[in-house]
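Have a look at the structure below, then the notes.
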Amino acid sequence: MNVLSIVIPAYNEEQGIAEIVERVLGIHPDLEQSGVDDLELIVVDDGSSDKTADIVAGYSDVSLIRHPTNRGYGAALKTGFSRAQGNLLGFLDADGTYPPEHFPKLCRVAMDDNIDLVVGSRMSGAESEMPLVRRIGNLIFANLVSLLGNHRISDSSSGMRVIRREALPRLYPLPDGLNFTPVMSTRALHEDICWKEVPIPYKERVGRSKLSVVHDGMRFLRTIVWTALTYNPVRILGGIGLGLLAVTAIIGAIVAGMRIYGITQLGPWGVIG
């Protein structure tokens with residue numbers, strides 16, 4: 001029996017939580033056609049100060065878990081996974097940016113192709129309303145993860161995924177913050193997790209974004225690099241060494257060229273004539 005447990009982390013999402021809950025509950029018939037027998041929906045209220053939890057509590061067919069204080073996006077997902085009963089674990093954001101209607105397709109790929117991790121890619125050509133700054137940032141992080149993991153991916157930070165339960169322990173440990181997804185992608189590549197990206201559309205969020213482009217972007221960068229370092233330090237440090245060697249070779253070639261053309265006097269700041 002195939003059961004999909006979808007976890008929605010929610011922090012002060014009273015404006016959009018009802019809509020996304022109803023959209024998720026509405027995919028049940030399509031899931032059955034895709035070979036998923038049942039759906040479990042878990043909303044983890046991560047210390048909201050608004051009416052998010054009260055709204056969710058009004059749905060009898062939704063499991064509500066409450067964090068007394070805000071612990072972070074990743075922490076909320078891990079709490080949901082620990083309570084989930086399904087053999088397939090899915091998650092998406094509470095802000096309406098990701099389309100739950102695509103979960104049947106992601107599940108079908110996981111089951112038919114025996115894939116451990118199916119990622120809904122916002123960068124694979126499907127319709128997207130992602131702001132330009134975030135699109136550029138996602139391209140940078142996807143290329144960085146691809147380089148460090150020696151495997152091409154298009155969206156390292158997607159917040160809509162389906163995971164086979166048995167693959168989850170191999171993806172842990174994962175952070176508590178918004179860097180949960182890029183670290184998962186980095187670990188998946190280095191753990192040789194069988195995964196596949198499926199194009200999905202992406203909408204502008206309901207309400208104000210909690211993502212700080214600069215602060216969270218730097219956190220993403222640090223954690224991606226440090227995670228990759230724990231698996232393959234030679235690849236990263238060796239790359240840095242080769243880069244420095246290339247710079248040295250270029251400088252040496254410039255100096256040699258200047259000497260050939262009669263520029264031989266060196267001052268404290270380099271060649272001066």
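Potential lengthening of the chain between Ala18 and Ser124 amounts to 35.3 nm, from the contour at 0.36 nm per residue minus the alpha-carbon distance. Packing here is the average count of other Cβ atoms within 10 Å per residue, and on that basis the peptides 35-43, 81-89, highest first, run 35-43, 81-89. When the solvent-accessible area of region 152-198 is split by element, carbon and sulfur atoms take up 52 percent of it, the probe being 1.4 Å.
Once you put a point 7 Å from the Cα of Leu139 and another 7 Å from the Cα of Tyr59, both along the Cβ direction, what distance in nm separates them? Result for the modelled spin labels: 3.5 nm.
The values are calculated or read from the model by the stated rules, or taken from the named source; none is laboratory data. Given the structure is predicted, the values throughout are model-derived calculations rather than measurements. Reconstructed Cβ throughout: ideal geometry from the backbone, glycine too, with neighbour counts over all protein chains shown. Side chains are part of the model used for accessible areas, which takes the heavy atoms of the whole protein and leaves out ligands, DNA and RNA. Shrake-Rupley method; radii C 1.70, N 1.55, O 1.52, S 1.80 Å.
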